[in-house]
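Novice: One structure, as structure tokens, below. Some questions next.
The values are calculated or read from the model by the stated rules, or taken from the named source; none is laboratory data. Everything numeric here is computed off the predicted structure, so don't read it as measured data. For neighbour counting, all protein chains shown are included, and Cβ atoms are generated from backbone atoms with ideal geometry for every residue, glycine included. Each accessible area value is taken on the protein alone, full model and side chains, heavy atoms only, with ligands, DNA and RNA left out. Shrake-Rupley method; radii C 1.70, N 1.55, O 1.52, S 1.80 Å.
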Amino acid sequence: MQESGFISLQNLTDVRVTENGILATLQHEQFRVDVIKASLLRFKISRGGEFDETPTHALAIEPIAAAKAAGVDRAFEVELNEAAGALTLTTSELVLKIQLKQFAFTLSRLDGTAVASSHGPAYRILNNDWSISRSAGALDAVYGLGEKTGKQNRRGRDFHLWNTDVLNPNASGEFAQAHAGTHPRSDNTSTEFDPYYVSIPFFHHQDAVTGHVSGSFIDNGYRGYYDFTAEDHFRIAFSGGQYTEYFFAGPSMADVLRDYTWLTGRTQLPPIWALGYHQCRWNNYSQQDVLDLASKHRELDIPVDTLWLDIDYMDGYRVFTWNKEQFPDVAAMLEQLRSDGIRVITIIDPGVKFDPGYEVFDSGLERNVFCLTEGGDVYIGQVWPGNTAFPDFANAEAREWWGDLNARHVESGIAGIWNDMNEPATGDISPLPMRFDRGQFSHEKYHNQYAMLMAMGTEQGLRKAMPNLRTFILSRAGSPGIQRYAANWMGDNMSRWDHLWLQIPMATGLSLSGQSFVGADIGGFAENSSPELFARWIQAAALTPFARNHNAAGLIDQYAFAFGKRVLDIARTAIKLRYTLMPYLYSAFVRCTEDGSPIQRPLIFDYQYDEAVRDLDTQYLLGEKLLVAPIFEPGIAKRGVYLPAGTWYNWHNGEAVESAGETHGVDAPLDTIPLFVKEGSVIPTWSEDVKSTADYQPVEIALRVYAPSSDGEYHSMLQEDDGLTDSALTGARVRTQFTVTRSGASIKVTAATSGAGFPEFRRERFRIQLIGAVAAEGNEVVLDNSGNGFEIGFSIGA
Ligand code: GLC
């Protein structure tokens, strides 16, 4: 992106206090500060004298109206000292100081710690581009920015935000060529390549000295550039649109993420089957092959919730059609699978074959819902079906049309939709002539939002077709707000050890950016996996939010059973562990939908003031209580695992490890993944073996209670509901809040419940197992319980 030639806008005049903050003249433009709430400010600068009030579809709410409705503190005071050329705006949490002449600002918390400040000229423009700079300490860390490669701490690198079909050299070549031949960024398969499929202009800035975190979100969908390479500042530039920035005070990462997901929306509560094991493959299956694959999983006792159909199920890659020869009776196939507890998900790409006579193409043309060129022709790209038209998702009518097509498609019994190639990928043809909203807007304005808008339309359609059911959409690309409609998988990875590692920081980066429902193709997509790589991959991925085995066409089989008995046993154990943990995992999703807290989270999220975890991207937490340390190198039987200060329990053998906040050597033979539980936790699990989540409601839930090593109170949560409908959101659930209290030699477990219950509920008991201490009463208690509170005590050897 252009570096030089920018003009800086300075000199604020004519400052007015408004209902929401301040408005001032900035040369020929206007500058505005809006107090959204005491800890959240918005800056805007006009272009052509006008403010764009809805720069993208990122926001889930109108923030000022929503803050007013919620009755939050929005009070502020402004002190203007024109003689000194200074202005101060103060809320109950923040102080904003602006130098009027130079247009420079500092934003701090009331205790004086920094949130953000300008570095040099606060705002510069060059034709369509604009650019800002922010001060930073040399050791400050940066997290988030969506789907990015490399280490989770983004400091020291620069990044482009432009949704890219990474493995296609036509799409990614420009970014590869910007680097010399041996640089890892010249290789689109390296773990440093940039940009990727999802672009999220939101990051957490951690002050190295205080450990406090603040957040910045720029609401702009154009091509963006974030440069974190300089020692004392960050530079941010966009190639169009207006400057709109939200500043989050923190000081905790959780506060920042809660507010960011309040603005852009949270993950919807998914259907529980979406948390099961998914089996996908790009392969030319027939109906019988699919049925056989299902039987094979059942025969081999491999739990599985879904089978996925990639592009070959269609008739000549025409979306919303079926290849009738390969799939003569889709309804019968779906019914048979469903009776075995298996659901089906099909791929739907945005590209519509340019094929007069094909119903979808004809109806799109007739309704004028395809993207147009400047001259008014239908834009044509090249995707799987050859010449391809693209739905104009920036247009509401187009989204509705698309939603209806999806609705009709799923009516036969398809459970969910997989959206791919939605960067949008246009093959060998440049996407730039593709314009939006009936030709009114440039490609750049909507490029990064394309996938989000596609998911928006798809979700509308699924809701129409199945009004009482939660929806499931998986998307490759995305932008802020994608989490409201879809999960993301991390695209075309490689069956390589370094890509197995990569899924850790990539997933945690996404989840710190509001998109928590993420996972990478298990076993790797491109190239052939090896037995050991596959074993290690499935062990790790079974403990991530979205667990789907997928591989590219023409490669060796990569099913859980494809690598011989030993690997099959490992895969089965890994998948079964996921199902055992289902109540815990599901409850972590419930939390995420309510406060944005990530599911696969970097340790920095929970241990923000522990310096040792700032650059730790070889392990993560699954929910708040489990610590996962995958093996991502061959031939390893032991690894170092960093355990924050406190007592942790080895999941596999219940052994306690006291940690002063240091790395511990942990055995990890091929059949074992290091997995630890935080003291004081109650981990709810399914006691029975299941083959999928379908129609399953447990009679018993086993609660693993991990003894606290010191006095105090520890909290955990379990939510049970029907797993399928929205009724849980309006109270049809049983939520149990556990408190474990240790006081000397006594451990008390209390449970308080809320919720109105639901018809399918059939739990009769809890099996409570105390781990990590020897109780006089015995360590296992079976307690009749159908959703009521309780209190039990254990007396332990102190
Ligand atoms: C893209 C997708 C991949 C899919 C393939 C064929 O490469 O990322 O998951 O299998 O297209 O549809």
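Novice: Is at least one residue of the range 371-385 under 25 Å from Asn488 (Cα atoms) and among the hydroxyl-bearing types (Ser, Thr, Tyr)?
Specialist: The answer is no, given that none of the residues of the range 371-385 is under 25 Å from Asn488 (Cα atoms) and among the hydroxyl-bearing types (Ser, Thr, Tyr).
Novice: Let me ask something else. Taking the range 150-171 on its own, how many of its residues are within 22 Å of Asp617 (Cα to Cα) and polar (S, T, N, Q)?
Specialist: Within the range 150-171, residues that are within 22 Å of Asp617 (Cα to Cα) and polar (S, T, N, Q) number 2.
Novice: Cβ-Cβ under 7 Å, sequence separation 6+ or interchain: first residue in the range 282-302 and assigned to a loop (DSSP other than H, G, I, E, B), partner surrounded by fewer than 16 Cβ atoms within 10 Å (Cβ to Cβ). Which pairs?
Specialist: Qualifying pairs under 7 Å: Trp282/Ala553; Asn283/Ala553.
Novice: Could you check, for the range 121-135, whether at least one of its residues is basic (Lys, Arg) and either in contact (Cβ under 8 Å) with a residue 60 or more places away in the chain or on the phi > 0 side of the Ramachandran plot (or both)?
Specialist: yes
Novice: Where in the range 448-541 are there helices (runs of 4 or more DSSP H), lying wholly inside it, with at least 2 residues that are away from the ligand (no atom under 16 Å from the Cβ), under 15 Å from Ile348 (Cβ atoms) and touching a strand residue (DSSP E or B) at 6+ places or on another chain (Cβ under 7 Å)? Write out each step before concluding.
Specialist: Values: elements: 450-465, 497-511, 531-541.
Here the list reads 450-465.
Novice: Taking Val567 as the residue in question, decide whether it is away from the ligand (no atom under 16 Å from the Cβ), within 26 Å of Ile701 (Cβ to Cβ), at pLDDT 95 or above and β-branched (Val, Ile, Thr).
Specialist: no
Novice: Would it be correct to say that Gly120 is touching a strand residue (DSSP E or B) at 6+ places or on another chain (Cβ under 7 Å) and open to solvent by 30 Å² or more (accessible area, probe 1.4 Å)?
Specialist: It is true that Gly120 is touching a strand residue (DSSP E or B) at 6+ places or on another chain (Cβ under 7 Å) and open to solvent by 30 Å² or more (accessible area, probe 1.4 Å).
Novice: May I ask you to list the residues in the range 288-336 that are closer than 25 Å to Asn406 by Cβ and among the β-branched types (Val, Ile, Thr)?
Specialist: Val290, Val304, Thr306, Ile311, Val319, Thr321, Val330
Novice: Assuming Arg566 fulfils every condition listed in (1) open to solvent by 10 Å² or more (accessible area, probe 1.4 Å); (2) more than 26 Å from Asn528 (Cα to Cα); (3) touching a helix residue (DSSP H, G or I) at 6+ places or on another chain (Cβ under 9 Å) apart from one, which condition is it?
Specialist: It is condition (2) that Arg566 fails.
Novice: What is the number of the single condition among (1) without any contact (Cβ under 8 Å) to a residue 60 or more places away in the chain; (2) assigned to a strand (DSSP E or B) that Trp418 does not meet?
Specialist: (1)
Novice: Still on this structure, please answer the following. If I filter the range 1-37 down to residues being part of a loop (DSSP other than H, G, I, E, B) and in contact (Cβ under 8 Å) with a residue 60 or more places away in the chain, which single residue comes out as most open to solvent (accessible area, probe 1.4 Å)? Working first, answer last.
Specialist: So in the range 1-37, the residues part of a loop (DSSP other than H, G, I, E, B) come out as 1-6, 9-11, 18-20, 27-28.
Then drop every residue that is not in contact (Cβ under 8 Å) with a residue 60 or more places away in the chain, which leaves 1-2, 5-6, 9-11.
Details: Met1: 67, Gln2: 92, Gly5: 55, Phe6: 28, Leu9: 2, Gln10: 68, Asn11: 65 Å².
Applying the filter and picking the extreme gives Gln2.
Novice: Right, Val319: more than 29 Å from Ile538 (Cα to Cα), of a type in the set (Val, Ile, Thr), more than 16 Å from the ligand (Cβ to nearest atom) and in contact (Cβ under 8 Å) with a residue 24 or more places away in the chain or not?
Specialist: It is false that Val319 is more than 29 Å from Ile538 (Cα to Cα), of a type in the set (Val, Ile, Thr), more than 16 Å from the ligand (Cβ to nearest atom) and in contact (Cβ under 8 Å) with a residue 24 or more places away in the chain.
Novice: Among the strands (runs of 3 or more DSSP E) confined wholly to the range 307-403, which include 1 or more residues that are of a type in the set (Gly, Ala, Ser)?
Specialist: 381-383, 386-389
Novice: Restricting to the range 541-561, name every residue that is open to solvent by 40 Å² or more (accessible area, probe 1.4 Å) and of a type in the set (A, V, I, L, M, F, W, C).
Specialist: Residues satisfying the conditions are Ala553, Leu555, Ile556, Phe561.
Novice: A follow-up question, please. For Gly146, are the conditions met, namely being away from the ligand (no atom under 16 Å from the Cβ), assigned to a loop (DSSP other than H, G, I, E, B) and in contact with a Leu (Cβ under 7 Å, 6 or more places away or on another chain)?
Specialist: Yes; evaluated as a whole, the condition is true for this residue.
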